[in-house]
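Engineer: There's a structure below that I have some questions on.
The values are calculated or read from the model by the stated rules, or taken from the named source; none is laboratory data. Not measured: the values here are computed from a predicted model. All Cβ positions, glycine included, derive from the backbone under ideal geometry; neighbour counts span all protein chains shown.
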Amino acid sequence: MPTIKWAGLKDIDAAFPEQPLPYGAKPLRCPDPFSAASLPYGLIPLAACFLALFLKAYRLGRFPMQVDMLFVGILLGLLLIPVHEYLHGLCYPKGATVYIGLIPKKMAAFAVCHTPISWRRFMVMSLLPAVLGLIPLLVFLLSPGSWGHVMGLCWSMAVMGLLSPMPDYMNASCVRRQVPKGATLQTTNTGFYWYM
């Protein structure tokens, strides 16, 4: 298991200990994860949440949720952001050091580790935090009609849990399009790189 360290509050340009890149490492072309470029990657997860809501309402013949629980679910979703980053960190190999923290100026959290990882591990690392939305969405879909409070809580947590990884979805998409399977990926303080 990697070592996961709380780095606290950081600026966007904070640097973390790096490992040298091997000769021939190629840069990955991907938009800034804190830019609006990641917003389109939230459309499918958001559509899935609304489809689940409409299907549940159709099945029950009424609006399924207690609206007062929506805010509580959003708040819980926000409180789970550090867990989201911790899940990223768990995917790194034994001996790696992962730094997690917050960037207040961007209202964002981060998990940084410059240890090289495989293409497959990178994909799992990028997508694993989506479970924080998939699990509440499944609970929402399986809840009986009398559980309006639970459904309100779970639906809004699902929205938060599936939208918070938008930059991760974007990074995974960039890697899928640009990096051959079997390659190794490595981040530095200046960006993503890959090599065979």
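Engineer: Could you tell me which numbered condition Thr190 fails, if it satisfies all but one of (1) modelled with pLDDT of 95 or more; (2) surrounded by fewer than 16 Cβ atoms within 10 Å (Cβ to Cβ); (3) of a type in the set (Val, Ile, Thr)?
Structural biologist: (1)
Engineer: Then there's this: Which residue pairs have Cβ atoms closer than 6 Å, lie 6 or more positions apart in sequence or on different chains, and pair a first residue in the range 1-27 that is in contact (Cβ under 8 Å) with a residue 60 or more places away in the chain with a second residue that is β-branched (Val, Ile, Thr)?
Structural biologist: Pro2/Val98; Thr3/Thr97; Ile4/Val98; Lys10/Ile103; Ile12/Ile103; Phe16/Val112; Glu18/Thr188
Engineer: Any chance the range 124-146 includes a residue that's in contact with a Leu (Cβ under 7 Å, 6 or more places away or on another chain), under 17 Å from Leu80 (Cβ atoms) and at pLDDT below 95?
Structural biologist: No, the range 124-146 contains no residue that is in contact with a Leu (Cβ under 7 Å, 6 or more places away or on another chain), under 17 Å from Leu80 (Cβ atoms) and at pLDDT below 95.
Engineer: Report the residue count in the range 150-176 for those that are out of contact with any Gly (no Cβ under 6 Å at 6 or more places or on another chain), among the polar types (S, T, N, Q) and assigned to a helix (DSSP H, G or I).
Structural biologist: First pass over the range 150-176, keeping only residues out of contact with any Gly (no Cβ under 6 Å at 6 or more places or on another chain): 150-152, 154-155, 159, 164-165, 167-176.
Still in the list and also among the polar types (S, T, N, Q): 164, 171, 173.
Cutting the leftovers down to assigned to a helix (DSSP H, G or I) gives us 171, 173.
Count: 2.
Engineer: Are any of the residues in the range 183-192 of a type in the set (Gly, Ala, Ser) and not in a helix (DSSP H, G or I)? Walk me through how you get there before you give the answer.
Structural biologist: Going through the range 183-192, the residues of a type in the set (Gly, Ala, Ser) turn out to be 183, 191.
Of the ones still in play, those that are also not in a helix (DSSP H, G or I) are 183, 191.
Yes, the conditions are met somewhere in the range 183-192.
Engineer: Out of the range 8-27, which residues are modelled with pLDDT of 95 or more and within 19 Å of the chain's Cα centre (by Cα)?
Structural biologist: none
Engineer: Let me ask you something else. Could you run through the range 65-120 and say how many residues are at negative phi, hydrophobic (A, V, I, L, M, F, W, C) and assigned to a loop (DSSP other than H, G, I, E, B)?
Structural biologist: Within the range 65-120, residues that are at negative phi, hydrophobic (A, V, I, L, M, F, W, C) and assigned to a loop (DSSP other than H, G, I, E, B) number 6.
Engineer: Residues being basic (Lys, Arg) and in a helix (DSSP H, G or I): count how many of those fall in the range 48-64. Even if it seems obvious, please write down each step before you answer.
Structural biologist: Filtering the range 48-64 down to residues basic (Lys, Arg) leaves 56, 59, 62.
If we keep only those that are in a helix (DSSP H, G or I) as well, we get 56, 59.
Going through the range 48-64 one residue at a time, the tally reaches 2.
Engineer: What residue, among those in the range 88-120 that are among the polar types (S, T, N, Q) and touching a strand residue (DSSP E or B) at 6+ places or on another chain (Cβ under 7 Å), is nearest to Tyr195 (Cα to Cα)?
Structural biologist: First pass over the range 88-120, keeping only residues among the polar types (S, T, N, Q): 97, 115, 118.
Next, from what is left, pick out any that are touching a strand residue (DSSP E or B) at 6+ places or on another chain (Cβ under 7 Å): 97, 118.
Numbers: Thr97: 21, Ser118: 10 Å.
Result: Ser118.
Engineer: Given the conditions (1) within 24 Å of Met196 (Cβ to Cβ); (2) among the β-branched types (Val, Ile, Thr); (3) without any contact (Cβ under 8 Å) to a residue 24 or more places away in the chain, which single one is not true for Val139?
Structural biologist: (1)
Engineer: Okay, next question. Looking at Cys49, Cys91, which is the one that is within 19 Å of Phe122 (Cβ to Cβ) and surrounded by 12 or more Cβ atoms within 10 Å (Cβ to Cβ)? Steps first, please.
Structural biologist: Details: Cys49 fails: within 19 Å of Phe122 (Cβ to Cβ).
Residue meeting the stated conditions: Cys91.
Engineer: In this structure, does Met151 turn out to be touching a Lys or Arg at 6+ places or on another chain (Cβ under 8 Å), aliphatic (A, V, I, L, M) and farther than 30 Å from Gly24 by Cβ? Walk me through how you get there before you give the answer.
Structural biologist: Working: touching a Lys or Arg at 6+ places or on another chain (Cβ under 8 Å): yes; aliphatic (A, V, I, L, M): yes; farther than 30 Å from Gly24 by Cβ: yes.
In short, yes.
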